[in-house]
1. How many partner chain Cβ atoms sit within 10 Å of a residue's Cβ in peptide B:136-146, on average, as a whole number?
2. Helix-only estimate, please: 222 nm mean residue ellipticity of chain A, summing -39500 (n - 2.57) across DSSP H runs of length 4 or more and dividing by its residues, to the nearest 500.
3. Between A:Val141 and B:Gln93, take the C-beta separation as r, use R0 = 51 Å, and let me know the FRET efficiency to the nearest 0.05.
4. Under a GNM of chain A (C-alpha, springs under 10 Å), which listed residue has the highest mean-square fluctuation: A:Ala52, A:Ala95, A:Ala173?
5. Apply 1/(1 + (r/R0)^6) to the Cβ-Cβ distance of A:Ala95 and B:Asn203, taking R0 = 56 Å, and write down the FRET efficiency to the nearest 0.05.
6. Using mean Cβ contacts within 10 Å as the protection proxy, how do A:62-72, A:131-141, B:27-37, B:98-108 order, highest first?
7. Give me the distance between the Cα centres of segment B:129-165 and segment A:112-176, rounded to whole Å.
8. How far, in nm, would the chain grow between B:His183 and B:Ala118 when pulled straight, counting 0.36 nm per residue and subtracting the alpha carbon separation?
Amino acid sequence: MIEFHPLVKQLLDGELTLADLPPELRRQGEAALRLLAAVDREPVTLPPAVDARVMAAVRRRAAAPPPSFWRRLVEPREVRFRLRPWTLAPVLAAAAVLVLLLGRPAPQPSATPTTVRFVLFAPQAQQVAVAGTFNQWDPAVAPLVRTGAAGVWAVTLTLPAGQHQYAFIVDGARWVLDPAAPAVDDGFGSGRRNSVLAL
Amino acid sequence: MKTLFVGLLLAIGAMPVAAQQDVGARLAGRVPPEVATLVQQLAADAAARGLPVDPLVQKAIEGGAKGIPADRVASAVRGVAAQLTAAAAALRQGGLTPPDTDAIAAGAFALNAGLSGAQIAQLVRPGASAPGAAVTLRVAGTLTALGVPATETVALVSGTIEAGESPAELLTLPARVQAALAHGATPAQAAAGLARAAAARANAPGQNRPKNPHHP
């Protein structure tokens, strides 16, 4: 393999001209250019069979019916983009927002559910229910039933781990705190409170 | 290129709309329309800031179920939104970045129960909250709701965690305080007694204490 001086290589790459080379390298430069010209001018001949195969493929494609919608959809094709670099900034910003929104940790699934027995002593009541954050405050979902003891109403529910607020509803209208549980302000004023339960 | 850009923008815009539709569906027929609109706005804002949405919806539904007038329901929902914001700030101050929605909801509950933002930050600081911020704050809030003064609540919960108690044992603290109340103790006395017992366990020889960078 012929090893050329770096300046001669620059000449071959078109970065310099012969006149740019120092006198002692000009002969090497001329030789290199002659060699390159010889290689460039070497005629390339393809076998006739290749030529025929290529032309046959071109004619087949030209005569073929247009591809179906599905084929156009799934067939690999080259797609070229021409873009100005500054347009990438808003796209990257939008992508970052998407990643932040989608990558936000989801609420953790509740751990083992816990069985809780709600009990209320309401001897005058005709019906009692319990409503809270665990049943969307729906008084119809969890009615209490009378137990053997006079005036004692109870229901057993399976609740997910977490902090729950609730109250009893007596006779469909009166909201009553659980006397066996702590309570917090319910935020609606007039000293109203909810019972709380941490599981 | 333009299509791609527009598609991304549409995708971003569509998510809050989907969340709003979900909130709207949960509130439909359960609260007055003006309350539903307000909650949807507050929920979209909360979701954009990484705050939980469910407590807002729950408060509105609760108001509807209790037959509370619309203006008071709206006020209560705004109050919950403010508590969620304050809880998230307290959790960040305590070193939770970013705080998860479960912990924020528990922090808002603890604020409502009577703890301060600084006390919440103290309870969740790195190494102090081995059972997890949400469980710690739920227990602390429940103790405060039982009438235990906030300072004693923080001391009891922190001491119990430092004694190496499991989350399940931590969750029994309110019941243990209630048992002491049933025997005639005040909430502060009950908490102080349990805190002393936790400290004794923490100092017992051979006690396998959790690593705590604040108490090497």
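1. Mean shielding by partner chains, rounded to a whole number: 4.
2. On the way: 5 runs with 64 residues, N = 199.
My calculation for chain A gives -10000 deg cm²/dmol from helical runs alone.
3. Details: r = 39 Å, r/R0 = 0.76.
The formula returns an efficiency of 0.85 here.
4. Comparing A:Ala52, A:Ala95, A:Ala173 in a Gaussian network model of chain A, the most mobile one is A:Ala52.
5. Values: r = 54 Å, r/R0 = 0.96.
Computed FRET efficiency for A:Ala95 and B:Asn203 comes out at 0.55.
6. Details: A:62-72: 8.2, A:131-141: 18.5, B:27-37: 16.7, B:98-108: 25.4.
Ranking, from highest mean packing down: B:98-108, A:131-141, B:27-37, A:62-72.
7. 27
8. Details: separation 65, 0.36 × 65 = 23.40 nm, distance 3.22 nm.
Between B:His183 and B:Ala118, full extension yields 20.2 nm more.
Values in this text are rule-based calculations from the coordinates and carry no lab data. Everything numeric here is computed off the predicted structure, so don't read it as measured data. Reconstructed Cβ throughout: ideal geometry from the backbone, glycine too, with neighbour counts over all protein chains shown.
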